[in-house]
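Read the structure below first, then the notes.
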Amino acid sequence: MDFTMSDERRMLADSLRRTIERQYGPEARAKADDTGSDPAVWAALAELGVLGALFTEEQGGFGGAGPDIATVFEELGRAAVAEPVTEALLAGGILADCGKSDAVEQLIAGDMHLCLAQTEPGNRYDLTTVSTQATESGGAWALTGHKSVVVNAPAANLIVVTARVAGDVGDRDGIGLFTVAANAKGLAMRPYPMIGGGRGAEVTLDATPAERIGPDDTAAPILERHVARAILAQCAEAVGMMDAIRDMTLDYLRTRKQFGRPIGSFQALQHRMADMAIEIEQARSAVLNLAGHVDEEPALRDRHASAAKQLIGRAARLVVEDSVQLHGGIGMTAEYGLGHLVRRLMAVDHRFGDTDHHLERFIALRIGAEAG
Amino acid sequence: MDFTMSDERRMLADSLRRTIERQYGPEARAKADDTGSDPAVWAALAELGVLGALFTEEQGGFGGAGPDIATVFEELGRAAVAEPVTEALLAGGILADCGKSDAVEQLIAGDMHLCLAQTEPGNRYDLTTVSTQATESGGAWALTGHKSVVVNAPAANLIVVTARVAGDVGDRDGIGLFTVAANAKGLAMRPYPMIGGGRGAEVTLDATPAERIGPDDTAAPILERHVARAILAQCAEAVGMMDAIRDMTLDYLRTRKQFGRPIGSFQALQHRMADMAIEIEQARSAVLNLAGHVDEEPALRDRHASAAKQLIGRAARLVVEDSVQLHGGIGMTAEYGLGHLVRRLMAVDHRFGDTDHHLERFIALRIGAEAG
Amino acid sequence: MDLSYTPEERAFRDEVRAFLRDRLPKRLSDKVRLGRHLSKDDYLEWHARLREKGWLAPNWPKAHGGAELSAVQRHILDEEVTAAHAPRVVPFGLNMLGPVLMKFGSSEQQAHYLPRILNDDDWWCQGYSEPGAGSDLASVRTTAVREGDEYVVNGQKTWTTLGQHADWIFCLVRTDPQAEKPQQGISFLLIDMNTPGIEVRPIVLIDGSTEVNEVFFSDVRVPVENLVGEENKGWTYAKYLLTHERTGIAGVGFASAGLANLKRIAATEMSGGRPLSENPFFAARMAQVEIDLMAMATTNLRVVAQAEAGQAPGPESSMLKIKGTQIRQEINFLTRRAVGPYAMPFASELLEEGTNHEPIGPEYAAAAAPQYLNNRKLSIYGGSNEIQRGIITKTLLNL
Amino acid sequence: MDLSYTPEERAFRDEVRAFLRDRLPKRLSDKVRLGRHLSKDDYLEWHARLREKGWLAPNWPKAHGGAELSAVQRHILDEEVTAAHAPRVVPFGLNMLGPVLMKFGSSEQQAHYLPRILNDDDWWCQGYSEPGAGSDLASVRTTAVREGDEYVVNGQKTWTTLGQHADWIFCLVRTDPQAEKPQQGISFLLIDMNTPGIEVRPIVLIDGSTEVNEVFFSDVRVPVENLVGEENKGWTYAKYLLTHERTGIAGVGFASAGLANLKRIAATEMSGGRPLSENPFFAARMAQVEIDLMAMATTNLRVVAQAEAGQAPGPESSMLKIKGTQIRQEINFLTRRAVGPYAMPFASELLEEGTNHEPIGPEYAAAAAPQYLNNRKLSIYGGSNEIQRGIITKTLLNL
């Protein structure tokens, strides 16, 4: 049993933290809201090896394991960095698994933006409900459908798309993976800023030319594997954000005076702060559990993914609500730094399944595990 | 809109409270644990009109409406009176509806104890799952089965029993109502004290002679109506107990000193006390809602019954747990008065359905209501 | 004990409902239901409809042109109007300043200001909070120094809701910096927002809204006749204002309207192939909050009945504030959760006046997350829930 | 970072499991699983089995006859033993007094008492708490007045667990009533329970159990050689005792065993025609607590790893105390709820030693409500959860 971080990871985390502290601020965040990514920040992340740490040596990176993902995202979370790194992990991981090594190489070098267009109006957090249609004609594929809330679509050079090659909307079989170029014919976007920073879009495809990648039968296992890794990323990022929020709140309790004394001396606030701190440690442990199991067999992996996402969804709600409450009015203002963190942390519950979704899945997997 | 109590009810409540304060103590409670009822207390309750208040004038009483039940049981709860008054309301109400006016008259006079044997091992809180069998031969009925946790069975002169006259275990149709004498052939009891005071028993029936009462088709509507009234009784009693617990806890916070000051001056404890007080007021309002609707049509009645039982189950858990916690060690001791109240309040969740049971029913009724 | 309304009360409710059916423009109720921001004209339009009916000032005495409704009637009006997604009445002149002037203002002030409030000639805003004061309202640092027939005001107010529309502001100012206690030496001053030296700056909140403002005063000269009551007695008037109108504190109407909206959304959203409202976990959360609301509505009626009977409100109004806040915030939370991934787009332009932007996902989605964020304020302002818990236990413990 | 055990750690776990399989009597594990009260002989029997294997004192150094296990090994042992429903080791001599004597006792005391503890020649109990002191342990009022070669002890201790079996008691006594602070003037004294003037009275708890006692001292004469360390320095030793052994504070083993038991019950109990474990609401509650427990087990391992690395425990042990308590109490709550109406019979005789009474409902039902009630103590004793919250924030805020 060993909870210490490897030297490589510690060094990466340290240099990432220093770089962010030096370079990352409101301007970069505004840039991400305007265009999806600040090129200078993105280049710095590539330079530092942040993107390489998400991929194995085979794939052209130098990491790719659960603890690598956890390390990187915890640091990104601490400063609420709004760059599309989760998209790089998610869409990049799928491309790597499908043998698209050129794209992955460009991604690691910082020369590429990616996204995954999977969500559709009405499929909520369900990965295997896909109604976007793929049709083949003379070896060429074309896609038609509506993909909703596609994070980082406006900045992406290449869009990974799920579409149905066979079967019915809800079937697990017959889901194909495709890539679509950003400037492809028949592709239209309704772009917007995201509540947690960065940009997303509604993407409509109308007989849009696409390249098919991935396995012939169904892409569901690949999707599920990479979404589990993305859940790890989101959870680790959430822990980083919660650490930052806790520290800001502690600072505020120490310095802010009311009725003639620091508000941190009021016992009721102290006890709520203690409860918040406990839940954050629980969240950290849930991330460790998931990081240690994200490359295990699917049922075990997803059991930990759901446990982590569920626990972190609850902890995040507590941290969002109580940190604003403990701050009082100032915590409500956009100008004060808490707002970015709070909004981005809140958004975690809306990606890859909320706490109810994952509680349901955890129960289903447990029943499976105990029956098996 | 009028929230004031009628003069009659106020007088009854006042005299009941005075009588309990004067007469009711640990000895009476021990007596109830030993035999199910303290004859002196029971006689006093009859004398005061407490039993009469549960029945309409038609039935030989002088009350019987929701607010009558609420008034009586709130007072009984305040002193954790462990007499089988809920059983009188429940089994007596069924008897009254089935035209057994002699028994009701005796009950109101204090000369009779009753109980309802409905629960069976495995049917939990479900009123229409009945496996006890009723068979008829030459106009005479006999019952065979196991009735579990029959509250007040050891003291009852007459036992009202549900048994199946037709259909399958889970059918709503084919449930019959019967009375069985306490000394009937083939009736056996395994008696025990109840965690909330008083006595109960496992009752087994083996070809036990019984008299059939109630309607020919199914007794479900009668059962449901009287269980709704018994839920009102339990909820009102719970509010009385919660009031008493809150007052004890406030007293303790005022007088107990630690680290050199009254523990009530610690803000974290103050805030928990405030939360407890809020939930008790919510519980009181839920009882008012149910009292005002307990004689309405079944769907509306049961919607309020489930809302009240659900809310009060939650409030009671909070009050049980936080009152003990705020007291510390002393609250854990049987000698201190809190224990009786806490155990009796806890037990409310185990009769007529717990919070989950009623949340489920509330949802089902709501869906019904919104579809209709 | 009778929970139902009397025939007269039922008749009044029917009258309110008929009024809302006939006179509440769909354009306005749609905006409110979809959580869009209302313009100054929207508010004024709704005020005009109420004024026409005589219900703009339900709590004012008839002598001052009010409707002088009973507590139960006011409760009915409040609940029906909110449940119908009508805009709220802007409270600063009607419910805050008005009662203070009636009780403490001079007859000249009453004669001048009250009709103008009722007629919407002046849009009032509130100058209570200051930066860094939080729930400690008595720590007023804005000063007013008497120079001849004028006060010279310097300082800063904050959290001034809808101050961007205001013609006038009522302010707590410190007139005696030497007073022994912070509650002493405060005065209650009426200030024309057009006076030189006043600057209003919007505060952007975390939901992107710009409804609240900072108001800066530098050497603002205010005629002494704008002082309400006596100099240095302002804290008395301030407290009166804060405790005067509390029957609406539970927000039962808002909660009911929010719950109805949530139910509609949950019946529309799909989850695992069926409506979200049929998902047992989500159904349980909705049922839970509905059960709490059913009880709170009755708690609220109990307090209304007490008020009707002339009893002073005890800790109940603090209890209603807390429980009401918890329920509304839970409904906001569930609404945000209900819209799923569509809570993530953050396009505040969709919530603005006369928006013609292409919607993102279902129309109801745009406001879900912003309202959740914005309503975190409910447990902070008007005496934070922590302050309210203190009040409750203080009363109960009597320590 | 590697969450899995090393091969050596796995081998040790296998050894523990084999030991439990072979040497834990089913009679005992059934009693523990069913929540029945253990007799003195039950404890002694289990101690003997552990002693035989060399694991009775896992944290004692080999020099004193202990197993000197690593923190991880102790964690494994603790978890496996508890999960197998073995009786707990009676901690008063082995885990409380033992370490104090090793650190602060004289060599004579060590030579005399430590082997007797290890050999179960003496049953020890604890004399810390006093009536009315609560979490304020330093407010010791029991006095010890030196008279020649003896202390004369007068006063009262309470919450003395299993004191009815005890041969000896270690006590905090006040030897200097004039000391400036309550923490000063306290001494740590060993008292033979057979000394005249000692009376033990059981305290009946709300679950009907009689495990805890009051101990009364009137003019009890104790030889001065029974003083541990220096006179008036007892608070130092007391604090050492309280903070020394905290790796087990989370109660992961107890929680795991309780959850396994709950799952079995929920799979057996029927609700609406199907097992309770398939009721979505109940399944959700069980899943929730399992998710919390999975995370807490890892938090606990992190603290174990820190201890292994020689780091002093920070506020983490307070966090583990709180979360561990919450999880165990929630499991107790769900178990009580799971047994439905059968939580209501209150037949404490069914939980007694060698009970031969006719059961009421399923065998597992009898202990459900009593254990729920009894374990309310978890958040009260050992420094209440309120005290722990204070410790956490004090460290975090550094105010």
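The values are calculated or read from the model by the stated rules, or taken from the named source; none is laboratory data. None of the values given here were measured: they were computed from a predicted structure. Neighbour counts are summed over all protein chains in view; Cβ atoms, including those assigned to glycine, are modelled from backbone coordinates with ideal geometry.
Among the residues making up segment A:210-225, those that are touching a strand residue (DSSP E or B) at 6+ places or on another chain (Cβ under 6 Å) and on the phi < 0 side of the Ramachandran plot are A:A210, A:E211, A:R212, A:I213, A:T218, A:A219, A:A220.
Consider segment A:127-152 and keep the residues that are in contact with a Cys (Cβ under 9 Å, 6 or more places away or on another chain) and assigned to a strand (DSSP E or B). The one that is surrounded by the most Cβ atoms within 10 Å (Cβ to Cβ) is A:V151. When residues in segment A:241-257 are screened for being out of contact with any strand residue (DSSP E or B) (no Cβ under 9 Å at 6 or more places or on another chain) and either farther than 19 Å from A:A315 by Cβ or acidic (D, E) (or both), 5 of them pass. Residues that are among the aliphatic types (A, V, I, L, M) and in contact (Cβ under 8 Å) with a residue 60 or more places away in the chain within segment C:1-31 comprise C:L3, C:V16, C:L20, C:L24, listed in sequence order. In segment D:38-56, the count of residues that are closer than 30 Å to D:G229 by Cα and in contact with a Cys (Cβ under 6 Å, 6 or more places away or on another chain) is zero. Set side by side, the residues A:L45, A:L89, A:L12, A:L51 differ, and just one is within 16 Å of A:I108 (Cα to Cα) and modelled with pLDDT under 95, which is A:L12. Scanning segment D:336-382 for residues that are acidic (D, E) and free of Cβ contacts under 8 Å to residues at least 60 places away in the same chain turns up D:E349, D:E358. Applying the condition of being of a type in the set (S, T, N, Q) and over 15 Å from C:T195 (Cβ atoms) to segment C:146-173 and asking which residue is nearest to the chain's Cα centre (by Cα) yields C:T161. Within segment D:369-380, the set of residues being within 9 Å of chain B (Cβ to nearest Cβ) and of a type outside the set (F, W, Y) comprises D:A369, D:P370, D:L373, D:N374, D:R376, D:K377, D:S379, D:I380.
Checked against (1) in contact with a Leu (Cβ under 8 Å, 6 or more places away or on another chain); (2) within 14 Å of chain D (Cβ to nearest Cβ); (3) under 30 Å from A:R172 (Cβ atoms), A:A91 passes all but a single condition, namely (2). Among the numbered conditions (1) part of a loop (DSSP other than H, G, I, E, B); (2) under 26 Å from C:M270 (Cα atoms), the only one that C:Y381 does not meet is (2).
Within segment A:227-264, the residues that satisfy the criterion of being away from chain D (no Cβ under 14 Å) and not in a helix (DSSP H, G or I) are A:Q258, A:F259, A:G260. May I ask you to verify whether C:A297 is closer than 14 Å to C:A255 by Cβ, touching a residue at least 12 places away in the same chain (Cβ under 8 Å) and either facing chain B (nearest Cβ under 9 Å) or not acidic (D, E) (or both)? For C:A297, the condition - closer than 14 Å to C:A255 by Cβ, touching a residue at least 12 places away in the same chain (Cβ under 8 Å) and either facing chain B (nearest Cβ under 9 Å) or not acidic (D, E) (or both) - is met. For segment B:44-54, a residue qualifies if it is in contact with an Asp or Glu (Cβ under 9 Å, 6 or more places away or on another chain) and of a type outside the set (G, A, S), and the qualifying residues are B:L45, B:V50, B:L54.
Annotation: of all residues in segment B:154-180 being touching a residue at least 60 places away in the same chain (Cβ under 8 Å) and either touching a Pro at 6+ places or on another chain (Cβ under 7 Å) or outside any strand (DSSP E or B) (or both), the one that is surrounded by the most Cβ atoms within 10 Å (Cβ to Cβ) is B:A156.
If you check A:E211 against the conditions, is it surrounded by fewer than 18 Cβ atoms within 10 Å (Cβ to Cβ), at pLDDT 95 or above and over 13 Å from the mean Cα position of the chain (by Cα)? In short, yes. Take the residues in segment B:265-290 that are touching a Cys at 6+ places or on another chain (Cβ under 9 Å) and facing another protein chain (nearest Cβ under 8 Å); name whichever of them is surrounded by the most Cβ atoms within 10 Å (Cβ to Cβ). Here the residue is B:A286. State yes or no: is A:T218 outside any helix (DSSP H, G or I) and crowded, with 18+ Cβ neighbours inside 10 Å? Here the answer is yes, as A:T218 does meet what is asked.
Restricting the search to segment A:6-64, which residues are among the charged types (D, E, K, R), buried (at least 20 other Cβ atoms within 10 Å of the Cβ) and in a loop (DSSP other than H, G, I, E, B)? The answer is A:D38, and nothing else.
The listed residues are B:A233, B:A201, and the only one of them that is in the same structural domain as B:D354 (by TED's automatic domain parsing) and of a type in the set (A, V, I, L, M, F, W, C) turns out to be B:A233. List every residue pair whose Cβ atoms lie under 8 Å apart, where the two residues are 6 or more positions apart in sequence or sit on different chains, the first residue falls within segment A:310-326 and is more than 9 Å from chain C (Cβ to nearest Cβ), and the second residue, located anywhere, is outside any helix (DSSP H, G or I). As it stands, the answer is A:G313/A:D354, since those pairs meet every condition given. Of the strands (runs of 3 or more DSSP E) lying entirely inside segment C:176-287, those containing at least 2 residues that are modelled with pLDDT of 95 or more and crowded, with 22+ Cβ neighbours inside 10 Å are C:186-192, C:212-223. If you go through segment B:186-211 and keep only what is within 17 Å of B:H146 (Cα to Cα) and within 14 Å of chain D (Cβ to nearest Cβ), you end up with B:A188, B:M189, B:R190, B:P191, B:Y192, B:G200, B:A201, B:E202, B:V203, B:T204. When the residues of segment D:343-368 are filtered to those that are buried (at least 24 other Cβ atoms within 10 Å of the Cβ) and either away from chain B (no Cβ under 13 Å) or touching a His at 6+ places or on another chain (Cβ under 8 Å) (or both), the one that is farthest from D:S271 (Cα to Cα) is D:M344.
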